[in-house]
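Following: one structure in structure tokens, then a few remarks.
The values are calculated or read from the model by the stated rules, or taken from the named source; none is laboratory data. Predicted model, so just to flag it, every value in this text is computed and none were measured. Please note: Cβ atoms are built from the backbone with ideal geometry, for glycine as well, and neighbour counts cover all protein chains shown. Side chains are part of the model used for accessible areas, which takes the heavy atoms of the whole protein and leaves out ligands, DNA and RNA. Shrake-Rupley method; radii C 1.70, N 1.55, O 1.52, S 1.80 Å.
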Amino acid sequence: MSRDTNDAVERALQDRRPLHQMFVAVPKRYDLVNRAITLGLDLRWRREASRACLKDSPRRVLDLCCGTGDLAAELSRYAPRETAVIGLDFSRPMLRLAQRKVEALARPVTFVQGDASAMPFPDGCFDGIGISFAFRNLTFRNPLSSRYLAEIRRVLAPGGRLVIVESSRPRSRFVQAAWKTYLNLFVAGVGSMLSGNRSAYHYLAQSAARFYTPEEIHDLLRGSGFQKVTTRRRLFGAVAIHIAS
Ligand SMILES: C[S@@+](CC[C@H](N)C(=O)[O-])C[C@H]1O[C@@H](n2cnc3c(N)ncnc32)[C@H](O)[C@@H]1O
């Protein structure tokens, strides 16, 4: 990685503004890059997360930081008829792509532009909240982390479920080394090449490599008032689905 890219990544890890710029800039080939860097497995993980979100037939379910709406689309496909599906993101270009994606689906999805730290929803509005590949952005080295978690708690009804699908840290040292190599070479390289956005995918590789372990996520969630937290590890622990209520 060049020194300039390294500096940009460090800045994005410290400061939230470049992150916002990055997501406003990133949508070019965003879905294609996701499929390429996960070899299509991201779709399977989101599907599993959406099933977990829908387990207790929620009346209202939120795809938080929905991006181009992949999780919202899964929720919309599998939710009971009476369930309302809502997606929230602060990036208008992402939301535009999301809207286009769900147009062909039978069930409507409502997309709302807003910030996860001050969501335009009443208390206890959702029985289920899903967040795919954005929890890291909200919590890792983020000074607003506790604010985001408190806001998630506020809009989640008592007894509701939070389902997080996110990169994780494999337990085995051998898998950890392979995972870091894959992130630094494949994710950063292919992501930068396909998207044309070098710092976004270097940020992704760097933050994913250093992100919290499942045990640290459990502590974070328990510290914000969630009582029951379980984790399903996927891809030798490189990805995890955390379910909290
Ligand atoms: C890595 S993308 C993940 C998108 C999508 N959930 C997925 O599975 O592909 C992270 C998303 O979080 C959004 N985001 C980051 N911080 C946010 C915030 N504070 N409020 C709302 N959206 C945010 C970005 O705009 C971006 O669309």
Residue under evaluation Leu97, criteria (1) touching an Asp or Glu at 6+ places or on another chain (Cβ under 7 Å); (2) more than 9 Å from the ligand (Cβ to nearest atom); (3) among the aliphatic types (A, V, I, L, M), criterion not met: (1)
Residue match in segment 225-235 (condition: in a helix (DSSP H, G or I) and either within 19 Å of Glu48 (Cβ to Cβ) or in contact (Cβ under 8 Å) with a residue 12 or more places away in the chain (or both)): yes
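What is the residue count in segment 51-91 for residues that are among the small types (Gly, Ala, Ser) and either over 15 Å from Arg107 (Cβ atoms) or away from the ligand (no atom under 13 Å from the Cβ) (or both)? Give the steps one after another, and end with the answer.
If we filter segment 51-91 for residues that are among the small types (Gly, Ala, Ser), which is where we start, we get 52, 57, 67, 69, 72-73, 76, 79, 84, 87, 91.
Filter once more, keeping what is either over 15 Å from Arg107 (Cβ atoms) or away from the ligand (no atom under 13 Å from the Cβ) (or both): 52, 57, 67, 76, 79, 84, 91.
Of the residues in that region, 7 qualify.
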Given (1) under 22 Å from Ala240 (Cα atoms); (2) modelled with pLDDT of 95 or more, index of the condition Arg141 fails: (2)
Which listed residue, of Ala150, Ala104, is assigned to a loop (DSSP other than H, G, I, E, B) and surrounded by fewer than 22 Cβ atoms within 10 Å (Cβ to Cβ): Ala104
Flag if Gly130 is open to solvent by less than 10 Å² (accessible area, probe 1.4 Å), outside any helix (DSSP H, G or I) and closer than 23 Å to Leu54 by Cα: yes
All positions within segment 63-88 that are open to solvent by 10 Å² or more (accessible area, probe 1.4 Å), within 11 Å of the chain's Cα centre (by Cα) and of a type in the set (Asp, Glu): Asp70
Unmet criterion (only one of (1) more than 19 Å from Tyr182 (Cβ to Cβ); (2) within 14 Å of the ligand (Cβ to nearest atom); (3) modelled with pLDDT of 90 or more; (4) open to solvent by 50 Å² or more (accessible area, probe 1.4 Å)) for Glu48: (4)
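Of these, Ser132, Ser57, which one is within 25 Å of Ala209 (Cβ to Cβ) and hydroxyl-bearing (Ser, Thr, Tyr)?
Details: Ser57 fails: within 25 Å of Ala209 (Cβ to Cβ).
It is Ser132.
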Every pair of residues 6+ apart whose Cβ atoms lie under 7 Å, when the first sits in segment 151-166 and is at pLDDT below 95 while the second is open to solvent by 40 Å² or more (accessible area, probe 1.4 Å): Gly159/Ser245
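On the basis of being open to solvent by less than 30 Å² (accessible area, probe 1.4 Å), in contact with a Leu (Cβ under 6 Å, 6 or more places away or on another chain) and within 25 Å of Tyr30 (Cα to Cα), does Ala208 make the cut?
Working: open to solvent by less than 30 Å² (accessible area, probe 1.4 Å): yes; in contact with a Leu (Cβ under 6 Å, 6 or more places away or on another chain): yes; within 25 Å of Tyr30 (Cα to Cα): yes.
Yes, satisfied.
Select from segment 153-166 the residues that are under 21 Å from Arg46 (Cβ atoms) and open to solvent by 10 Å² or more (accessible area, probe 1.4 Å) and list them in ascending order. Working first, answer last.
Within segment 153-166, the subset under 21 Å from Arg46 (Cβ atoms) is 155-156, 160-166.
Result: Leu156, Arg161.
Could you count how many residues in segment 121-135 are more than 8 Å from the ligand (Cβ to nearest atom) and either under 19 Å from the mean Cα position of the chain (by Cα) or within 15 Å of Cys66 (Cα to Cα) (or both)? It would help to see each step written out before you state the result.
Step one: of segment 121-135, the residues more than 8 Å from the ligand (Cβ to nearest atom) are 121-130, 135.
Restricting the remaining residues to those that are either under 19 Å from the mean Cα position of the chain (by Cα) or within 15 Å of Cys66 (Cα to Cα) (or both) gives 126-130, 135.
Count: 6.
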Condition check for Arg233: open to solvent by 50 Å² or more (accessible area, probe 1.4 Å), farther than 25 Å from Asp56 by Cα and under 17 Å from the mean Cα position of the chain (by Cα): no
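Criterion first (in contact (Cβ under 8 Å) with a residue 60 or more places away in the chain, over 24 Å from Thr68 (Cβ atoms) and surrounded by fewer than 21 Cβ atoms within 10 Å (Cβ to Cβ)) does Arg198 satisfy it? Spell out the reasoning first.
Working: in contact (Cβ under 8 Å) with a residue 60 or more places away in the chain: yes; over 24 Å from Thr68 (Cβ atoms): no; surrounded by fewer than 21 Cβ atoms within 10 Å (Cβ to Cβ): yes.
Considered against the rule, which asks whether it is in contact (Cβ under 8 Å) with a residue 60 or more places away in the chain, over 24 Å from Thr68 (Cβ atoms) and surrounded by fewer than 21 Cβ atoms within 10 Å (Cβ to Cβ), Arg198 comes out as no.
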